[in-house]
Amino acid sequence: MNPPATLVESAVATTSDNLREEFAVELHDVSFTYQDTSAPALRHIEICLRRGEMIGILGASGAGKSTLAKCLNRLVPAFERGQFSGVVRIHGRALDGMRVSDLSHLVGMVFQDFEAQLFSTNVALEVAFAMQQIGMPREEIAARVEPALEAVGLAGFAKRDPTTLSGGEKQRMAIAAVLALRPAVIVLDEPTTDLDPEGKAEVFTLIRRLRGQGLTLIVIEHEAEELRACDRLLVLRDGQVVAEGAPPSVMTRLELLESCGVHPPDLNRVLAMLGIRAHAASVEEAETLIRGALPLRTACFGAHPSGDGTHSQAADPLISMASELDKQEAVENSAAAAELGWAKTSGVSLSYGDLAGSDVPLAEAQQLSFAYPLGPPVLEAVNFRIAAGEFVAIVGQNGSGKTTLAKHLVGLLTPTGGEVLLEGRNRTSLSPEEIARKVGYVFQNPDHQIFASTVEEEVAFGPRNFGLSDEDIDRRVAEVLRAVNLENVRTRDPFLLSKGERQRLAVASVLVLRPRLLILDEPTTGLDYREQRGMMGLINDLNRLGVAIVIITHAPWLVAEYARRVVLMRRGRILFDGPVDAFFQQDELLRESSFRPPEVTLLARRFGFHALTPEQFVSVIRARLKS
Amino acid sequence: MQTSLYLDRGTWVHRLHPAVKLFGLFIMFWSVFWVDHPLALLPVALLMVLLAHESHSWPNFYAFRWFLILMIPPTMLEWMAVYRAGVPVVNLWFIQLSRPALLFGFGRGLKLALLLSSSILFLSTTTIEEFTASLVTFRMPHRVAFAMSLAFRLVPLFMDSALTVVQAQTLRGYNFNRGNLLERMKRYVPAVIPVFMGALRRANNMAMALEARGFGLDIAPTSFIEYRLVATDIVALIALVTIGIAYFMIYYFGFATIAPG
Amino acid sequence: MTVSTGEGLSSAPLRVGQYLPTGAVLGSAHELRAMWANTRMVVLCVLSAALYAAVLIPFKVLPLIPGVTEVRPGNAIPVVCSFLFGPAAAWGAAIGNMIGDFFGGVGPGDLFGFFANLVYGYIPYKLWSLLADDDQSPTNFTPATVAKYVVCCLAASVLCADLVGWGDNMLSLRPFWILGNIIIFNNMVAALVLGPLILAAVYPRVRAGHLLYRDVMPELRERPKPVRVAAAVMLLVGETGAWLSGNLLSTGHWRPQLLPATLLASPYDKAVAIVVTPFIILAAVGTVLL
């Protein structure tokens, strides 16, 4: 075991320039099987990483990404139990027999769950934590804390309570804590999965800057788009490397990526659909490639000045066409999803009775205001209505009032002003049961409601509370489990299901009460691409059956592909309420709300039209090809 | 959600060395221990008022006002039930009401209220890291101190998630407030289990994050924050020791005893 | 070369530095000290503490007697955690109770509250591992296991109540009979009504996740059985004696002739200190050797 003194010395030595070994990280024939499982999590992994290289690792949940990352600082096999074989070297030094904590100064690791890696009561102490643990002298710690905070853009935050930071700030703080140790390698394991778009952008901007400083970086993700800047990409499936190479060579293998549960960049999808065999790292590049490869009629496709695309919907005949396509596309998408095995979404049926509905809105907020006692207003005179069969996305930054508005609709909060009507009746006059039959609410984290010992019991909990007959309950449970594709796990313990399955279970246990309106708070957060598709396919199917949908989300692609109406909120007010197409043309509003339109929308704009999905884009382009 | 009573006012009371503040808390406990007569408790009460004023801690005292007042009567009754001295004025079932018994009971009630006040004062002026640092000064092992401060950080997080769970189950038609006390207690199970399991899902992640950041080395960690004793601390220490001795003297020489008559 | 791993995480060969608790009081209950070298156990302690406090605090608003005690369904948490996390739960109970007090105001009695909750989290799993022999799962509800469960909870609750009642009486804050009985009642109601329901839901899942204390610290060894049986007897005799004498003395129903009359005058503070203390010491030694 290393005495503390050498730990500190080696931490300093790794930062000096006279480094002998060429490789920062080497894995030779690394395999690992977790205790109690039969399938290996990693199989014969071979990776070499040069110093200063940035490598991206892609794959679905359970592909082995995190296990691979844990091999680099001995969490596998020193912490996780199981069977390990192979050799891992960091800067030429084999890790055999070392402890995780011995490596803390060599390999810095940032985890997805930012709450689980914060240990201190203020930011400076958080950054100092690891340095204190390895016994670094106080003066040295003091000299490193502030620069580390500056490096991640958190200068002046030293005294702040970490709980008051945003998700993005918390992750940057975690990165600062790692940077302060001056490690040889930094591993970021899905650092942005739980963040809103703003936080995501902050973290990736920081990662790019770190890369510029010559740090060796390993970034794990399940969305390919963010990893374009990597030197090399690695795709994992079932614990094996199935593709490896520079981003252009990996990102153009769309089928492979999708089959591995990775969200391929939309630009690559567009190019592939148009038959252009090339990689585009940016919207500009994609435009150049398309213009170079396809003979387009110039009259319609003069380059649109980017940035001020505020033309109205009526002015552009293509928009209405694109919207029509949208609906069709959504249906095809979910069918496609079913084919790919994302989720069995076709053939869903629910015995709802009459969902056709009258003209009375399902839910309506009139001049709704809300504030916590002694707090600032959270909602200010909000007017909002949802008609039968709608599919609405509520977007806006964290703290803009999205969830507060949604919670008012189900009666979790009582307005301080205005009122809420459900199917024309004042909410306060309704019993909990009546509300539950009208509106269902699925919380962001499915684990906030799961407690029963089997999936079936979990779903039956609601109807049982409302005193339904056993027969009726059994019928409803069976029907709903079929709808969310959980029939085959009905007797399993819900805690042992995957995150995607637990999310579907949460939907089922609300759906079983047969609400005519379903509100879902960030239903795809923390899910990988495959699970996100499965979830959205399910929601889309429910909508087609006539259930009105309201989703609160941060994901632009999801809004673009699935929603028909968008409500944008900021500081307790609704700033925009209208069709999706019109929404993505509100450049000013989008920018102010840090809501980035999908890349394909930006690309379409360069060709002077509007599109939200690759399919839309391609169909418009095809229609305009010189025959 | 509020994690602690700490009020960031930056007064000289706040700036005292955390170990001095902890010692001050001890001296308050020590002082009131030796006396029973309400009059003898008056100086401590006055000191409390002065410090509350100096440290701008009134909001917390205001928040606790009913608690402070309401804890006196039951404490009086508890003690008067067993206090047998003086001539009973009234004989109520098991309580003998006499002048000394009243004085004695009120003294003990006041004592408890003062103890609570001193802890409110301490918590209003001391952050969690100062508190744990002061415990380490008094030989509390580092890891126990660490566990304490981390648990403090997690409490509001868990309370938040408990609140969300309650909301989620309410929407599924669950009524938490049905039945008698026992029944109600049982009905909290669907709220407790998700919070419990949510915490456990984190257990491995937290342990990994700790190990990854050097927790697990068998060396004593260094401390980044340094608290130095300054002149104010020395003055405060002397004052506290004097108060402590004075109260012991009051007891030793038998002042402020309650005359059985 | 394939190796099986993960037994002791990076568990250092236990060299006791100043960062590990060495308290002489706990010198014998070695796992209470050893657990601090195990990162998972530290985390489980933190989680138990935070859960306990998080469930306690909302119920502070329902005081039964202001400043004395509250309805505390949260008191089921230390017992549940004890069966799951063993020594980590003992510390978790002590720390969690302290955090709860931080929200409601600390007092000198909290020093006793700390140790009282430590034993409240320590005794259940210790006694259970002695009584339950082969079947270590507390979720098979047969008449025999239920009886054993009740004994474990009662033993823990009584010593917990003894410690607080004795301590607060010595500090002349409250007579023994107040807290000495309310705490037993409160703890037992929570442990018997809520404990089994939570355990049934949580125990199998924790076992599946390999987070039971015996899985996290497989190196733990128990003392020879005869010693443990003797220790259990000491514990039971000591805590029962403390409870009986504390109640009788503090209410003035018992005035042992051995004591000088000056010590027997109301409010009986001194009598409680002198008579109850030996019983407490006996129970404490029993606990440590368990």
Helix A:455-465: inclination vs chain A longest Cα principal axis, degrees, rounded to 10, gives 40
Counting only DSSP beta bridges with both partners in the stretch A:341-571, the antiparallel fraction in percent, to the nearest 5, comes to 45
Rounded to the nearest 5, the percent of antiparallel DSSP beta bridges in the protein assembly as shown equals 60
Mean per-residue count of partner chain Cβ within 10 Å for C:189-197 equals 3
Helix A:4-13: inclination vs chain A longest Cα principal axis, degrees, rounded to 10, gives 80
Each residue of C:172-180 has, on average, a number of other protein chain C-beta atoms within 10 Å of its C-beta equal to 5
Computed about the Cα centre, the charge dipole of chain A from +1 Lys/Arg and -1 Asp/Glu charges at the Cβ has a magnitude in debye, to the nearest 20, of 600
A correct fewest-to-most ranking of A:42, A:154, B:7, A:486 by other Cβ atoms within 10 Å would be B:7, A:154, A:486, A:42
To the nearest 20 debye, the protein assembly as shown has a Cα-centred charge dipole, built from +1 on Lys and Arg Cβ and -1 on Asp and Glu Cβ, of 1960
From DSSP H assignment alone, runs of 4+ in the protein assembly as shown each adding -39500 (n - 2.57), the sum over residues rounded to the nearest 500 puts [θ] at 222 nm at -16000 deg cm²/dmol
Residue-ordered couplings for the stretch A:159-174, obtained by feeding phi - 60° into the Karplus form 6.51 cos²θ - 1.76 cosθ + 1.60 and rounding to whole Hz (Gly and Pro as x), are 8, 5, 7, x, 5, 8, 8, 6, x, x, 5, 5, 5, 5, 5, 4
Fewest-first ordering of A:131, B:185, B:140 by Cβ atoms within 10 Å yields B:140, B:185, A:131
Ranking A:27, B:225, C:175 by how far each Cα lies towards the positive end of the charge dipole of the protein assembly as shown (+1 on Lys and Arg Cβ, -1 on Asp and Glu Cβ), the top one is C:175
Checked against a 23 Å limit on the C-alpha separation, the offending pairs among A:70/A:159; A:159/A:402; A:159/A:407; A:65/A:200; A:407/B:186 are A:70/A:159; A:159/A:402; A:159/A:407; A:407/B:186
Pseudo-spin-label distance residue B:63 to residue A:592, built 7 Å along Cα→Cβ, given in nm, is 3.6
Longest principal axis of chain B (C-alpha) makes with the long axis of helix B:231-252 (C-alpha) an angle, in degrees to the nearest 10, of 50
Excluding residues fewer than 8 positions from residue C:126 in its own chain, the aspartates and glutamates with Cα under 19 Å of it are C:31, C:134, C:135, C:162, C:215, C:219, C:222, C:239
Within the stretch B:189-261, DSSP-loop chymotrypsin sites (Phe, Trp or Tyr not before Pro) with at most 13 other C-beta atoms within 10 Å are B:253, B:255
Applying the gyration tensor rule to the Cα atoms of the protein assembly as shown (axes a ≥ b ≥ c; rounded if a/c under 1.5, else prolate if a/b exceeds b/c, else oblate), the class is prolate
Partner shielding of C:120-131, taken as the mean number of other chain Cβ atoms within 10 Å, equals 0
Least to most buried among A:273, C:41, C:188, by other C-beta atoms within 10 Å and fewest first, runs A:273, C:188, C:41
For the residue A:35, residue A:478 Cβ pair and Förster radius 45 Å, calculated FRET efficiency rounded to 0.05 is 0.80
Residue by residue through the stretch C:175-185, the couplings from Karplus 6.51 cos²θ - 1.76 cosθ + 1.60 with θ = phi - 60°, in Hz, x for Gly and Pro, are x, 3, 5, 5, 6, x, 9, 4, 5, 4, 4
Straight-line reach check, residue B:111, cutoff 14 Å on alpha carbons, 8 or more apart in-chain or any other chain, hits among aspartates and glutamates -> B:36, B:78, C:168
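Readers should treat all values here as calculations from the given coordinates under stated rules, not as data from a laboratory. As the structure is a computational prediction, the values presented were derived from the model and not from experiment. Heads up, the Cβs are rebuilt from the backbone with ideal geometry, glycines too, and the neighbour counts pull from every protein chain shown.
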